Amino acid sequence: MVAFSAREAVSAASPLLGRIGTDLPFDALTTGILGMLPTASFAVVGFLALPLLRRLQLEHLLVIAILLTTLGQLGRAVGWNVLAFLAFTCVAMLGIGLVNVVAPPLLAKYFPDRIGLLAAIHVTLLGVSTAVAAQFAIPLEALYGWRFSIGIWAALSALAAVPWLILLVARRTVARSGNHAAEGMQLPSANGVRPWRSAIGWGTALVFAGCSSNTFAALTWLPAVLVDRGMSQETAGSMLALYSILALPVALIVPMVVVRMSRPLPVAVLFVVAFALGYGGIMLAPPASAAFWVITAGLGQGAYSFAFIMINKRTRTQSGSGSLSAFSQGTGYALASVGPFLFALLHTPGDGWLPSFGMLGVWLLVLVAGAIMVNKPRMLEDQGRFQAGTKQNNFLDTPS
């Protein structure tokens, strides 16, 4: 329920910007800020989550995240001016970013023996929630107006909070009765883990940066590239929908494959190759074959699933997973926010898109570098103890 309600706020407003603009005077600057809010907010939350994870329970943080998402979606639906709309959008994105950070350690806590399956379901439902809001945005607006269309998704977020609130109430009741069995679900602590001092931490961050910079640049600029090559606006929009929906099958398959591999570098390389081949076809092949190349590039989005599953694959404790999730996503999304911006900056009308796609190629190399850094079967906690002075004679060979 959390995953299914976690991305509507990202995609619900984009199809409606023209309609929203009739009531709120968005200009080029404020529209650009709106486009940057997801990755920027995800990055901010990643950095803020590290101290929060040390002070609050995961379940409490998740409920806070859901409530922020709900409040943000409701607030921007009644936003009285552009500034209020942007402010409440930021609140919603902060909530979604916190969900992104808290999800991996929660999966490690409650489903340690089903990490691959639950991660696959979680990432797949993130993609479903993104597609559902985008698909129904215009029909809902036509019936009830744009405020209803972007605000109705808050109901799903609020509903997702209910079972977690019930869980927290039940746990408090058990604690008051003197039964501490629920505490047995806590995994060993990893308070000494510092991902920023580890190749695993930086490698996972680089994978997030490489895949997110490419994905968000494509989601922002793919229609403009195709229109520039002679495609109609309507067909280019369909190509974007095709690109987006391809995140679903790879999200379902990748975690279950990667979790069984001790060295999953070949999987990451496949996604890089898919991105590169797709970009080449989009730029150089006849527009009539664009669908094939969009599909090829779209399969590269599986790199996000790869990054997500590596958080739990390279940690063995709940706190280690939380620390790695916060650091890698905070750093990764901060770097990734540069991708869509540079893509536009490097493009000169009439001169093609080669410099822009060349920049994305550099980010693909960053992705490969990160995948190499996390490829060796070792655990983040072992590196932390080694750096702290504890003997770990075979920490590099710890099985995953």
What is the distance in Å between the Cα centres of the range 79-135 and the range 1-65?
-> 9 Å
Residue-averaged 222 nm ellipticity for the chain, from DSSP H runs of 4+ at -39500 (n - 2.57), nearest 500 | -25000 deg cm²/dmol
Using a 1.4 Å probe and ignoring any ligands, DNA or RNA, find the accessible area of residue 295 and quote it in Å² to the nearest 10.
-> 70 Å²
Give a residue-ordered list of calculated ³J(HN,Hα) values for the range 283-293 (Karplus: 6.51 cos²θ - 1.76 cosθ + 1.60, θ = phi - 60°; whole Hz; x for Gly, Pro).
-> 7, 10, 6, x, x, 4, 9, 4, 4, 4, 6
If you project the alpha carbons of the chain onto the principal axes, what extent comes out on each, in Å, largest first?
-> 64, 44, 30
HN-Hα J in Hz across the range 102-112 - Karplus 6.51, -1.76, 1.60, θ = phi - 60°, x for Gly and Pro = 7, 4, x, x, 5, 4, 5, 6, 9, 10, x
For residue 216, tell me the accessible area in Å² from a 1.4 Å probe, rounded to the nearest 10.
-> 50 Å²
Hey, what do the phi angles of the range 61-67 turn into as Karplus ³J(HN,Hα) couplings, whole Hz, using 6.51/-1.76/1.60 and θ = phi - 60°, x for Gly and Pro?
-> 5, 5, 4, 4, 4, 5, 5
For residue 110 the rounded accessible area (nearest 10 Å², probe 1.4 Å, non-protein molecules ignored) is 50 Å²
Please report, to one decimal in angstroms, the Kirkwood hydrodynamic radius of the range 1-93 built from all distinct Cα-Cα pairs.
-> 14.1 Å
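The values are calculated or read from the model by the stated rules, or taken from the named source; none is laboratory data. The structure presented is a predicted model; accordingly, all values stated were derived computationally and were not measured. Side chains are part of the model used for accessible areas, which takes the heavy atoms of the whole protein and leaves out ligands, DNA and RNA. Shrake-Rupley method; radii C 1.70, N 1.55, O 1.52, S 1.80 Å.
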